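Below: one structure, written as structure tokens.
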Amino acid sequence: MTVNELAKLIDARLLNGAAGENEVKCGYACDLLSWVMAHGSDGMAWITVQTHMNVIAVASLHEMSCVIIPEGIAVEQEVLDKAAEEGIAVLGTQLDAYRICGKMAEAGVGAA
Amino acid sequence: MSILKEEFNVAKMDFVTAGEASAQIKRILKKLGVDAGVVRRLSIACYEAEINLVIHSDGGTLSLEVNPDDVVLISKDIGPGIPDIELAMSEGYSTASDDVRMMGFGAGMGLANMARNADKFRIESKVGEGTLIEMIFNLKQEA
Ligand SMILES: Nc1ncnc2c1ncn2[C@@H]1O[C@H](COP(=O)(O)OP(=O)(O)O)[C@@H](O)[C@H]1O
Ligand SMILES: [Mg+2]
């Protein structure tokens, strides 16, 4: 599915208005950057509560499709712009990581 | 003879630009047409080295050397050095501060990730002097 389709599935907004047509290949949830660095892959939709610039660096190095920020956590404009520049979508939803994973798994998005 | 040599400065505790050098190195390698699997492994190792320079060192450099048969990546800093390399290499060990951990760094997997992703990994460190990490990535399949 595309990021736009994923957004609909998890009641999310495309916070940076970018890369909505990226293809989502798999899902992952983790807040430790080294861990994600070790296990990330291209097209991944990554759920994290971290919102600083380095999240985009990690997502970009792995050519992920999108970063999903749960529980309505705010993301700074600078970070959103950087993600747009790197071709990575940033989704924001009120759902928590557990519910997001549940919905994604139910819709057939696999693990990494 | 090397095809390309580049050096990047990495500043202590600069979280805004942290990751920029790795991103640039990745772009260079992709442009040169280096095998995607090698670029991926190198990017992971490079990012870990860069973050370590930011969160643990007093500042340093990442240097990239692309040769016909391999890519050499060197991380070199001006201190403080690592007292027990074996301990530092063990997964889960980290001296990162709570502030840095709050940002998702300090999982204690960086050095192990580097060693796992590089074809050759060498680390040298002296307390009070600094740390040098050399990683080699083969471009050609070994016979
Ligand atoms: N460049 C460096 N200078 C000084 N100490 C370092 C450096 N790189 C790593 N270390 C030490 O080795 C430990 C383990 O590093 P690493 O495996 O990358 O885990 P982490 O960065 O998550 O702490 C660090 O916590 C730190 O004590
Ligand atoms: Mg580290």
What number goes with the only condition from (1) out of contact with any strand residue (DSSP E or B) (no Cβ under 9 Å at 6 or more places or on another chain); (2) more than 8 Å from ligand 1 (Cβ to nearest atom); (3) open to solvent by less than 30 Å² (accessible area, probe 1.4 Å) that B:Ala96 does not pass?
-> (2)
Is the range B:34-52 home to any residue that is farther than 18 Å from B:Met114 by Cα and basic (Lys, Arg)?
-> no
Is it true that some residue in the range B:91-106 is of a type outside the set (A, V, I, L, M, F, W, C), closer than 29 Å to B:Glu6 by Cα and in contact with a Lys or Arg (Cβ under 6 Å, 6 or more places away or on another chain)?
-> no
List, please: which pairs have Cβ atoms under 9 Å, are six or more places apart or on different chains, and start with a residue in the range A:31-49 that is closer than 19 Å to A:Tyr98 by Cβ and at the interface with chain B (Cβ under 10 Å from one of its Cβ atoms) and end with one that is charged (D, E, K, R) and assigned to a loop (DSSP other than H, G, I, E, B)?
-> A:Thr48/A:Asp31; A:Val49/A:Asp31; A:Val49/A:Glu71
Quick one: is B:Ala11 surrounded by fewer than 16 Cβ atoms within 10 Å (Cβ to Cβ), over 28 Å from A:Gln77 (Cα atoms) and aliphatic (A, V, I, L, M)?
-> no
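Here is a yes/no grid of residues against (1) open to solvent by 30 Å² or more (accessible area, probe 1.4 Å); (2) on the phi < 0 side of the Ramachandran plot:
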site: A:Gly27; (1), (2): no, yes
site: A:His39; (1), (2): yes, yes
site: A:Gly43; (1), (2): no, no
site: A:Thr48; (1), (2): no, yes
site: A:Val58; (1), (2): no, yes
site: A:Cys66; (1), (2): no, yes
site: A:Glu71; (1), (2): yes, no
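For the range B:28-143, give me every one of the helices (runs of 4 or more DSSP H) that falls completely inside it and has 1 or more residues that are under 20 Å from B:Ala11 (Cβ atoms) and within 15 Å of ligand 2 (Cβ to nearest atom).
Details: elements: B:36-55, B:85-89, B:98-102, B:110-117.
Helices (runs of 4 or more DSSP H) meeting the threshold: B:36-55, B:98-102, B:110-117.
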For the subset of the range B:25-44 comprising residues that are open to solvent by 30 Å² or more (accessible area, probe 1.4 Å) and farther than 21 Å from A:His39 by Cα, which member is nearest to the other protein chains (Cβ to nearest Cβ)?
-> B:Ile28
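The values are calculated or read from the model by the stated rules, or taken from the named source; none is laboratory data. This structure is a prediction, so every number in the text was calculated from the model and none was measured. A quick note on method: Cβ atoms are made from the backbone with ideal geometry, for glycine too, and the neighbour counts reach across all protein chains shown. Heads up: the accessible areas ignore ligands, DNA and RNA and are worked out on the full protein's heavy atoms, side chains in. Shrake-Rupley method; radii C 1.70, N 1.55, O 1.52, S 1.80 Å.
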